[in-house]
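What follows is a single structure, written as structure tokens, with notes after it.
The values are calculated or read from the model by the stated rules, or taken from the named source; none is laboratory data. All figures in this text were calculated on a predicted structure; none of them were measured in a lab. Using ideal geometry, Cβ is built from the backbone for each residue, glycine included, and neighbour counts are taken over all protein chains shown. The area values use the complete protein model at the heavy-atom level, side chains included, leaving out ligands, DNA and RNA. Shrake-Rupley method; radii C 1.70, N 1.55, O 1.52, S 1.80 Å.
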Amino acid sequence: MKIEKVGIVGLGTVGTGTLKILINEREKIHQKTGVWIDVKKACDLNIEREFDFDVDRSIFTNNYNELIEDDEISIIVELIGGYTIAKDIIIKALKAGKNVVTANKALIAKYSKELFAIANSNGTKIYYEASVGGGIPIITPLQESLAGNNILSIKGIINGTANYILTEMTEKNIEFEKVLKKAQELGYAEADPTFDIEGIDTAHKITILASLAYGGYVDFEKVGVKGITSITGEDIKFANDLGYNIKLLATAKKYEDEEIEVRVQPTLISQKEILSNVNDVYNAIEVIGDYVGKTMFYGKGAGMEPTGSAVVADVIKLATEDLANNIPKGNYYYNINKELSLRALEKSISKYYIRLNVKDEIGTLAFVTNKFKDNNISIESMIQTCKSFDDNKFVSLIFITHDVLEADLKKSLDEIYISENVNVEKSILLKIDE
Ligand SMILES: NC(=O)c1ccc[n+]([C@@H]2O[C@H](COP(=O)([O-])OP(=O)(O)OC[C@H]3O[C@@H](n4cnc5c(N)ncnc54)[C@H](OP(=O)(O)O)[C@@H]3O)[C@@H](O)[C@H]2O)c1
């Protein structure tokens, strides 16, 4: 009879969900796996907190060192978040010979090289299924189920907060700031929502997925990131009229020359696509492999129980691995010895949506279209708003391009933005994904 002793650090949203599942499902997990998984200690700054399930309160401590120094505990579950104490705890645990489970995408994306090197040199493992897509299994499918494929592309809506905001803006015709406030009141957005709305959290996640898919590591600092703060109700309306929805999309794609493009940006997606119809706080990840074709992973990308479910899956995987005589493999697939070469975003060829906020004056349209012509930008369609949306002097010019080189488009916009008839702050460039 195998008993695996686990220590959990951080009993906030995910920690509570994890503790609840491990306690309430202990018997069933044993029936299915043959292992008893016992939470021996659980650490949080506030150990007086109440739970809606029965728990032996003698397991609680506010000193995480007690978990790391406990020889019986073989798995440390880090659910504090952030880059500082969480990192120290993981490193100490690995050095103490313990395996680690974490949901901390920020830490994995930024410090994969350092953390996996420590794990490897100590013969320990870090599992992180919950770090991308919350409750959706995506790390294990990429590492195992799809391992025989060359991954052609990954596209993901992997931030519930941003997706909720864009869905509300679309369905209820409410502007960004108001929806953000509502999201904060409902607990869907943090008091400081920067990571979610500026695309940083999404970038952490696509960094992890691209690293696993392409057999190396992506330097997070080199990922192209753009958030959703400049999207207006006007953009959403025009996109909808043209048959698209706007989503914060993370993409990773491999080109024939082996270069990898990894980026996060608000994107117009055809309403015919499944990803275009992933709404509210839901997440979805489309993975295309050369043998398997298109696969889609969909579900709750955050929350106490969904994310706890993914954390528990990693705990069970670690607890059962030696029973199945598995070779330790948690860190193997995150190849920290090879930095992946990222493709310059300017090489991308795509259709684009451009909204220019311009002075309603004779000659402005001609000026803009001439700059497009000079830079090989071919326009598929154009709309001019009849009325300005702010002070009656500026109007919006909306352009949909044919497939164009991003470098050419950026050059044309640099030339257009110099004009004092163009309000750069209120203009926007979005990619179109069809
Ligand atoms: N929330 C989600 O749905 C979700 C989804 C996927 C991944 N994640 C990731 O999961 C991790 C945890 O997120 P969360 O939402 O559960 O965060 P959270 O609700 O803020 O929980 C973190 C907990 O850790 C405690 N803590 C902080 N410093 C500590 C210390 N030194 N010792 C012991 N406990 C300490 C906090 O206590 P205080 O409250 O007293 O500070 C809090 O209870 C993060 O890395 C996050 O990115 C979260």
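Computed values, structure above
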quantity: The chain - accessible surface per residue (Å², probe 1.4 Å); calculated: 44 Å²
quantity: Charge context of PHE367, other residues only, Cβ under 12 angstrom, K/R +1, D/E -1; calculated: -1
quantity: √(5λ) per eigenvalue of the Cα gyration tensor, segment 260-322, largest first, Å; calculated: 28, 18, 11
quantity: Computed [θ] at 222 nm, helices only, for the chain once each DSSP H run of length n ≥ 4 contributes -39500 (n - 2.57); calculated: -10000 deg cm²/dmol
quantity: The chain - percent of accessible surface contributed by carbon and sulfur, probe 1.4 Å; calculated: 49 percent
quantity: Computed label-point distance, nm, for sites LYS172 and ASP88 using a 7 Å Cα→Cβ extension; calculated: 4.2 nm
quantity: More than 21 Å apart - percent of Cα-Cα pairs taken over segment 139-300; calculated: 45 percent
quantity: Sites GLU258 and PHE51, calculated FRET efficiency, Cβ-Cβ separation with R0 41 Å, nearest 0.05; calculated: 0.25
quantity: Peptide ranges 16-23, 77-84 listed from the most packed, as the mean C-beta count within 10 angstrom indicates; calculated: 16-23, 77-84
quantity: Estimated distance in nm for a label pair at MET296 and GLU346, the labels positioned 7 Å out from Cα along Cα-to-Cβ; calculated: 3.7 nm
quantity: Phi-based couplings in Hz for segment 198-210 (Karplus 6.51, -1.76, 1.60; Gly and Pro marked x); calculated: 8, x, 5, 4, 4, 5, 4, 6, 6, 4, 5, 5, 5
quantity: Order by protection proxy (mean Cβ within 10 Å, highest first), peptides 263-270, 93-100; calculated: 263-270, 93-100
quantity: Listed peptides 56-63, 3-10 by packing density, highest first (mean Cβ within 10 Å); calculated: 3-10, 56-63
quantity: Whole-number D in µm²/s for the chain (Stokes-Einstein; Kirkwood sum over Cα pairs; 20 °C, 1.002 mPa s); calculated: 92 µm²/s
quantity: Cross-link partners of LYS222 among aspartates and glutamates (Cα-Cα below 13 Å; sequence separation of 8 or more within a chain); calculated: GLU261, GLU339
quantity: For segment 347-433, the fraction of alpha-carbon pairs in successive 5 Å shells from zero, as %; calculated: 3, 15, 28, 27, 17, 8, 2, 0
